[in-house]
Amino acid sequence: MNGAPRIKGWCPGALRPMMSGDGLIVRVRPPLGRLNPHQVSGIAALATSCGNGIVDLSNRANVQLRGVAAGRYEVLIDGLRALGVIDPDVTVESRRNILVTPFRNAGDANESLAEELASALAATDAPDVSAKFGYAVDAGATPVLQAAPADIRLERGADGNLLVCAGAHRFGKPVTDGEAVSQMLTLARWSLGHGTRMFRVLTGGTALPQGFTVPRQAAAPSPKPGLYPAGALVGMAFGQIDAATLDALANLGALRVTPWRMLLIEGADKLPLHPGLICDPEDPLLRIAACVGAPGCAQAHAGTRAVARNLARYVPAGKTLHVAGCAKGCALPRAASVTLTATAAGFDLIRNATADAAPEQTGLQPNDLPNYLQKALS
Ligand code: SF4
């Protein structure tokens, strides 16, 4: 055990939980973003026995248990450790922030490179970056993780060769398989040498080191629920799944956690029928992001998810809606077609921007929202 929980106001882990309005948030980073069936059912059981039975999927492909009572935290950590899903200490946990493409084959270069990267990040001389600094191993034929948060990425160029890429910069540096991880760490040290996260270094106007000369490929379209060569991809409203549904999925195979707030059932060749899952790629709930809101988050000015469900029918294909409990906008760090940000006076309506941007309307009450939303989306 690592003693009493360390309560932080940002970026929780399992070994560094965060207090929220409904108890501790304990965020698990499954190795390679994969949970075997035993781990899936074990996490579902722990979510019920130690938390409030709700599991969130984050945009970093983490699994987040909510509503954990402080008195159950150590039991939970012991259980997670027995399942083999947490790190030996908080330093390794905070550095092992690796996204791996869910669209991979077992044992392919994505997995071997991600394992090599995880080992390198556990070494004592690994770059001492912040817990939010992340890596993406996205070395399929076409990248699929470009919209997911990562400071350093590994992708393939159009010629099939590996590229190390810095954040959203348009050019990558060609590397061999053998040097890919060391080049990623070199780039992390370079970012650290400039004092901060990669996007801040680049938006501050600092030029990358030499060698970033190969244009990156455009990302594949954003995945939707359906069948893929790697398995069946299923969604859930707002990326939240209850423990009973998660436990039911354990019967179907191993799960790959995705940054799209969906789960991929490894190797499945049919979509599961379960009321807690979204399998229709045109379900409007997939177009809506909503944080936990009140009362789960102490910073929320209003409930969010009931509001979002009521508005789903007004969000047409091609448009997106973000309902945020406050201007922090945790559920979607990017612009949505419309964002409704709760304030002490009602909801602000913001178009084509993030939750903290200047609103077009302020003080909207829940009954006003359908009309204003339809006008804003028309
Ligand atoms: S956006 Fe605000 S209300 Fe919603 S989870 Fe984040 S901090 Fe809480």
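Only the coordinates and a few stated rules stand behind these numbers; no lab work does. All values derive from a computational prediction rather than experimental measurement. Cβ placement follows ideal geometry from the backbone for every residue including glycine, while neighbour counts extend to all protein chains displayed.
Could you please report the charge total around Leu187, scoring K, R as +1 and D, E as -1 over all other residues with beta-carbon less than 11 angstrom from its beta-carbon? The partial results should precede the final answer.
On the way: positive: Arg153, Lys173, Arg189; negative: Asp151.
Neighbourhood net charge equals +2.
Sort 118-128, 50-60 by the packing proxy (mean of other Cβ within 10 Å over each peptide's residues), most packed first.
Working: 118-128: 14.9, 50-60: 20.8.
Result, highest mean Cβ count within 10 Å first: 50-60, 118-128.
So if I take the alpha carbon set of the stretch 284-377, get Rg, then get Rh from the Kirkwood formula, what is the Rg over Rh ratio?
On the way: Rg = 11.3 Å, Rh = 12.5 Å.
Using Cα coordinates only, the ratio equals 0.91.
Ala331's amide H: which non-local residues (gap 5+, or another chain) put their own amide H closer than 5 Å, with H modeled 1.01 Å from N in plane and none for Pro or chain starts?
When sequence neighbours closer than 5 places are left aside, the close amide H contacts are Cys291.
Where does the chain land on Rg(C-alpha)/(2.2 N^0.38 Å)? Don't jump to the answer; show the numbers that get you there.
Working: Rg = 20.4 Å, N = 378, 2.2 N^0.38 = 21.0 Å.
Rg over 2.2 N^0.38 Å, computed on Cα atoms: 0.97.
Restricting to bridges with both residues inside the stretch 186-341, how much of the DSSP beta-bridge set is antiparallel, in percent to the nearest 5?
Values: 12 of 19 bridges.
The antiparallel proportion sits near 65 percent.
Have a look at Ala166, Ala61, Ala219 and tell me which one the Gaussian network model of the chain (Cα, springs below 10 Å) gives the largest fluctuation.
Its mean-square fluctuation being the largest, the pick is Ala219.
Summing Lys, Arg as +1 and Asp, Glu as -1, what charge do residues with Cβ under 13 Å from the Cβ of Tyr228 carry, Tyr228 excluded? Each step should come with its number before you reach the end.
Details: positive: Arg104, Lys224, Arg256, Lys270; negative: Glu266, Asp269.
Around Tyr228, the surrounding residues sum to +2.
Could you list which residues have their amide H under 5 Å from that of Thr258, counting only those 5 or more apart in sequence or on another chain, with H placed in the peptide plane?
Leu264
Hey, in the GNM for the chain with a 10 angstrom Cα cutoff, which one of His38, His274, His169 fluctuates hardest?
Its mean-square fluctuation being the largest, the pick is His274.
Rounded to the nearest 5, what % of DSSP beta bridges with both residues in the chain are antiparallel? Write down the numbers at each step before the final one.
Numbers: 47 of 60 bridges.
Antiparallel: roughly 80 percent of the beta bridges in the chain.
Enumerate the amide H contacts of Met236 below 5 Å, restricted to partners 5 or more residues apart or on another chain; note that Pro and chain-start residues carry no placed amide H.
HN-HN under 5 Å from Met236: Ile278.
Could you run the Debye sum over the Cα atoms of the stretch 104-215, one equal point scatterer each and no solvent, and tell me log10 of I(q)/I(0) at q = 0.18, 0.23 Å⁻¹, two decimals?
So the normalised log intensities work out to -0.87, -1.45.
So for each of 133-146, 15-28 I average, over its residues, the number of other beta carbons within 10 Å; can you give me the resulting order with the highest mean first? Walk me through the numbers before you get to the answer.
Values: 133-146: 22.6, 15-28: 20.9.
Taking the mean over residues of other Cβ atoms within 10 Å, the ranking is 133-146, 15-28.
Given 4 °C and 1.567 mPa s, compute D for the stretch 220-315 with the Stokes-Einstein relation, Rh being the Kirkwood radius over Cα pairs; round to the nearest whole µm²/s.
Working: Rh = 14.3 Å.
My calculation gives 91 µm²/s for D.
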